[in-house]
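Q: Sharing a structure with you now.
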Amino acid sequence: MNKAAHSRKSLISFGAIALLAVGAATAQVATGTTGIDASGSYQQEVQACNSGATQQDRETCLKEARNAQADKRRGVLDTAGSLEANAMTRCNVFTSGEDKAACEARVMGAGNIEGSVAGGGLIRELETVTPPAQK
């Protein structure tokens, strides 16, 4: 593999990992593990922010609570979206069938998962065996 192809593959892999980390953060909010509920209940979210029950600093948390309240008033707060479908859509960035299949397997929980959203992100790793190219 030449240097440009390796660099391009590394960049794509990094992008996919970054997207998955964002998806994991979204999933964490939706599952309630941040201390903020996904219902858009402003008072409960403000209480969670003020009590330190979230994984965000207080100002960021309050800003997100205000934004969620505004979205709820406009009728655009989506708390019932399919997290699995959202995660699978993130794998569409891959053009190779092998890469896309590996991404989908990682999203579905195959392989090793390290890190945390609070620590900066999840790293999902799946080893696959690729036979050598025939000459």
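The values are calculated or read from the model by the stated rules, or taken from the named source; none is laboratory data. In this text the structure is predicted, and so the values were computed from the model without any measurement. Counting neighbours? That spans all protein chains shown, and the Cβs are built from the backbone with ideal geometry, glycine included.
Q: Residue by residue through the range 47-87, note down the ones that are assigned to a loop (DSSP other than H, G, I, E, B), more than 26 Å from Arg124 (Cβ to Cβ) and under 21 Å from the mean Cα position of the chain (by Cα).
A: Hits for the range 47-87 are Ala53, Asp57, Val76, Leu77.
Q: So is Asn67 of a type outside the set (Lys, Arg), out of contact with any helix residue (DSSP H, G or I) (no Cβ under 9 Å at 6 or more places or on another chain), within 25 Å of Gln44 (Cβ to Cβ) and exposed (fewer than 12 other Cβ atoms within 10 Å of the Cβ) or not?
A: yes
Q: How about the range 88-135: which of its residues are basic (Lys, Arg), over 13 Å from the mean Cα position of the chain (by Cα) and part of a helix (DSSP H, G or I)?
A: The one that is basic (Lys, Arg), over 13 Å from the mean Cα position of the chain (by Cα) and part of a helix (DSSP H, G or I): Lys100.
Q: For a quick check of your reading of the model, give me the residue pairs whose first member lies in the range 48-76 and is without any contact (Cβ under 8 Å) to a residue 24 or more places away in the chain and more than 18 Å from Val117 (Cα to Cα), whose second is in a helix (DSSP H, G or I) and not aromatic (Phe, Trp, Tyr), with beta-carbon atoms closer than 6 Å and at least 6 apart or on different chains.
A: Listed pairs, sorted by first residue: Leu62/Cys49.
Q: Looking at this structure, is Gln44 modelled with pLDDT of 60 or more, surrounded by 14 or more Cβ atoms within 10 Å (Cβ to Cβ), in a loop (DSSP other than H, G, I, E, B) and of a type outside the set (A, V, I, L, M, F, W, C)?
A: No.
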